[in-house]
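In what follows, a structure is listed as structure tokens, so that the remarks can point back to it.
The values are calculated or read from the model by the stated rules, or taken from the named source; none is laboratory data. The structure displayed is predicted, hence computed values, not measured ones. Here the Cβ positions follow ideal geometry from the backbone for every residue, glycine too, while neighbour counts run over all protein chains shown.
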Amino acid sequence: SHGVSFVGGGTSSPRLLVIGGEHIARTPISDEKQAVWAADYHADGEVWNWRSIGAKIGNKGITPPPRIAHAQAAIDGKVYIFGGRMGIMMDEKALNDMWVLDSSGEPGTEEWSEVEYATTDDSSSS
């Protein structure tokens with residue numbers, strides 16, 4: 001019910017990100033301190049250090065709603081999440097939104113933003 005993505009490597013520090021999920025069956029984690037976790041790799045000691053990065057991070061202070069059963073993908077240091085649901089029942093509170101967590105910078109500089117969908121007006125093509 002949670003999503004796990006690996007970002008970094010090359011010139012930036014490797015990082016594992018865990019987003020969303022549940023502690024109680026079909027109930028999204030609503031505590032923002034538990035909603036997003038990062039494990040940062042430190043090559044000098046060859047260790048992974050876990051930290052809660054919470055949901056409201058970055059200078060915008062915006063956050064996606066709590067969710068389970070979402071799709072998640074990492075591209076170029078950014079983690080995209082789409083959809084999922086907020087409710088207990090399978091058809092309850094379905095989400096149709098997309099968010100991106102920019103993790104391309106140093107640990108602690110992650111930032112959420114909502115992806116705006118482009119729309120087209122097909123009525124003029126007939």
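The residue that is surrounded by the fewest Cβ atoms within 10 Å (Cβ to Cβ), among those in the range 99-114 that are acidic (Asp, Glu) and in contact (Cβ under 8 Å) with a residue 60 or more places away in the chain, is Glu106. When Thr63 is tested against (1) buried (at least 16 other Cβ atoms within 10 Å of the Cβ); (2) of a type in the set (Val, Ile, Thr); (3) at pLDDT 85 or above, exactly one condition is not met: (3).
Residue count for the range 79-111 satisfying the condition of being of a type outside the set (Gly, Ala, Ser) and either assigned to a loop (DSSP other than H, G, I, E, B) or touching a Ser or Thr at 6+ places or on another chain (Cβ under 6 Å) (or both): 16.
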